[in-house]
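Trainee: This is the structure, below, for whatever I ask next.
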Amino acid sequence: MTQILYSKPIVDLEVGELKKAIQALNSPPKLKVILVGSNPSSKIYVRRKKEFCEKIGAECEIIRKNDDFTPEELKTLLKEINQDDSVNGCLVQLPLPAQFDGFDFQELISPQKDVDGFHKDNIFSIYKKTSGEFLLPCTPIGIIKLLEHYKISAKCKNVVIIGRSLIVGKPLSMMLSNLDATVTLCHSKTNNLRALTNQADIIISAVGEPRFLTSDYFNDSKDQIIVDVGISSMKNNKITGDVDFENVKDKVNSITPVPGGVGPMTILSLAKNLVKSAQIQRTNKKA
Ligand code: NAD
């Protein structure tokens, strides 16, 4: 019987832990989310982040800016947020409008407030395999937590990751390598992707192409583990993943659903990073 890797049991468990951690702080941690423009999916994502923060007793302020907001204005705003000791975490919701193309705002958020885990100092901690006061990127750490919860070890496994973005595929490839997995990082120029996915123990897809991983991408062993990161909005307002779930699910050992799989793990990781950043900032203040 295929195991469906739902995130709900993990989120339910962690909400209690996060509430306790927040009670142990002097004041609720505070997140600022910058939303530029009117992308409908972005509006939904920031609303979910705010709702989750409020559920665990944290504060979240959404700062809305029009489509004509400029990189210089964002730079000034981030400087103010970095200097504001009452703010523990900050993120800029992606995607940004075209005028931000090539503008590296991620380096402008203080690494201690970088709850998305995109700042080079935080990414370098993965590269160097250091642990401690670092904030790890939310989707990759959420995927690792989900696998751990279901007692799926990546150690010595062949893992194929499809998609090499800075927010999912690249950091995840390093993090899984640190966990002793053998990782193949695939992308749009990869030759014969089917042959690679057919030989993998764990397949993680972050492409954004609805149902492109059809059943022929998987072998008949019924041993494979599938993690579907993709989120595509369909005409019927439903969302779907990269995997043709209905036709694949009976062919594999375990699979994440979309929705209800990786997405909530990303928001959970964000909340955990916010609490961690507040704890780090409090410790640094005392020192
Ligand atoms: P992206 O959109 O920046 O890049 C897509 C990647 O897919 C690229 O590396 C590209 O080379 C690769 N690709 C495209 N077509 C391919 C093909 N035919 N074969 C193999 N590789 C191919 O990536 P992203 O920002 O990581 O987003 C990917 C998807 O994951 C999107 O649907 C996004 O909405 C979703 N996402 C979900 C979460 C979550 O929490 N569930 C978080 C982040 C992103």
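The values are calculated or read from the model by the stated rules, or taken from the named source; none is laboratory data. Note that the coordinates shown come from a computational prediction; the quantities given were computed from them, not determined experimentally. As a convention, Cβ positions derive from the backbone with ideal geometry for all residues, glycine included, and neighbour counts pool all protein chains shown. Accessible surface is based on the protein model in full, side chains and every heavy atom, while ligands, DNA and RNA are left aside. Shrake-Rupley method; radii C 1.70, N 1.55, O 1.52, S 1.80 Å.
Trainee: Just need a number here: residues in region 146-169 that are basic (Lys, Arg) and either open to solvent by less than 70 Å² (accessible area, probe 1.4 Å) or near the ligand (Cβ under 10 Å from one of its atoms) (or both).
Mentor: Residues that pass the stated criteria total 2.
Trainee: While we're here: Name every residue in region 250-280 that is out of contact with any Pro (no Cβ under 9 Å at 6 or more places or on another chain), of a type in the set (S, T, N, Q) and surrounded by fewer than 24 Cβ atoms within 10 Å (Cβ to Cβ), in order of residue number.
Mentor: Correct list: Asn253, Ser254.
Trainee: Looking at (1) assigned to a helix (DSSP H, G or I); (2) under 18 Å from Ala278 (Cα atoms), find the lone condition where Val87 falls short.
Mentor: So Val87 meets the others, but not (1).
Trainee: Mind checking which residues of region 173-204 are under 23 Å from the mean Cα position of the chain (by Cα) and without any contact (Cβ under 8 Å) to a residue 24 or more places away in the chain?
Mentor: Ser173, Ser177, Ser188
Trainee: Which residue, of Asn247, Asn219, is within 24 Å of Gln3 (Cβ to Cβ), open to solvent by 70 Å² or more (accessible area, probe 1.4 Å), away from the ligand (no atom under 12 Å from the Cβ) and polar (S, T, N, Q)? Break it down into steps so the answer makes sense when it comes.
Mentor: On the way: Asn219 fails: open to solvent by 70 Å² or more (accessible area, probe 1.4 Å).
Selected residue: Asn247, the only one of Asn247, Asn219 that is within 24 Å of Gln3 (Cβ to Cβ), open to solvent by 70 Å² or more (accessible area, probe 1.4 Å), away from the ligand (no atom under 12 Å from the Cβ) and polar (S, T, N, Q).
Trainee: Which condition breaks for Ala206 when tested against (1) within 30 Å of Asp116 (Cα to Cα); (2) out of contact with any Ser or Thr (no Cβ under 7 Å at 6 or more places or on another chain); (3) not charged (D, E, K, R)?
Mentor: The single condition Ala206 does not satisfy is (2).
Trainee: Here is a follow-up. Within region 15-44, track down each residue that is open to solvent by less than 70 Å² (accessible area, probe 1.4 Å), out of contact with any strand residue (DSSP E or B) (no Cβ under 9 Å at 6 or more places or on another chain) and either among the basic types (Lys, Arg) or assigned to a helix (DSSP H, G or I) (or both).
Mentor: Val15, Gly16, Leu18, Ala21, Ile22, Ile44
Trainee: Only one of (1) at pLDDT below 95; (2) open to solvent by less than 40 Å² (accessible area, probe 1.4 Å) fails for Glu133. Which number is that?
Mentor: (2)
Trainee: Quick one: Phe103 ticks every box in (1) free of Cβ contacts under 8 Å to residues at least 12 places away in the same chain; (2) farther than 30 Å from Ala195 by Cβ; (3) open to solvent by less than 80 Å² (accessible area, probe 1.4 Å); (4) out of contact with any Phe, Trp or Tyr (no Cβ under 6 Å at 6 or more places or on another chain) except a single one, so which number is it?
Mentor: (1)
Trainee: Any chance you could count how many residues in region 204-216 are more than 9 Å from the ligand (Cβ to nearest atom), open to solvent by 20 Å² or more (accessible area, probe 1.4 Å) and either closer than 13 Å to His187 by Cβ or not in a loop (DSSP other than H, G, I, E, B) (or both)?
Mentor: The qualifying residues number 2.
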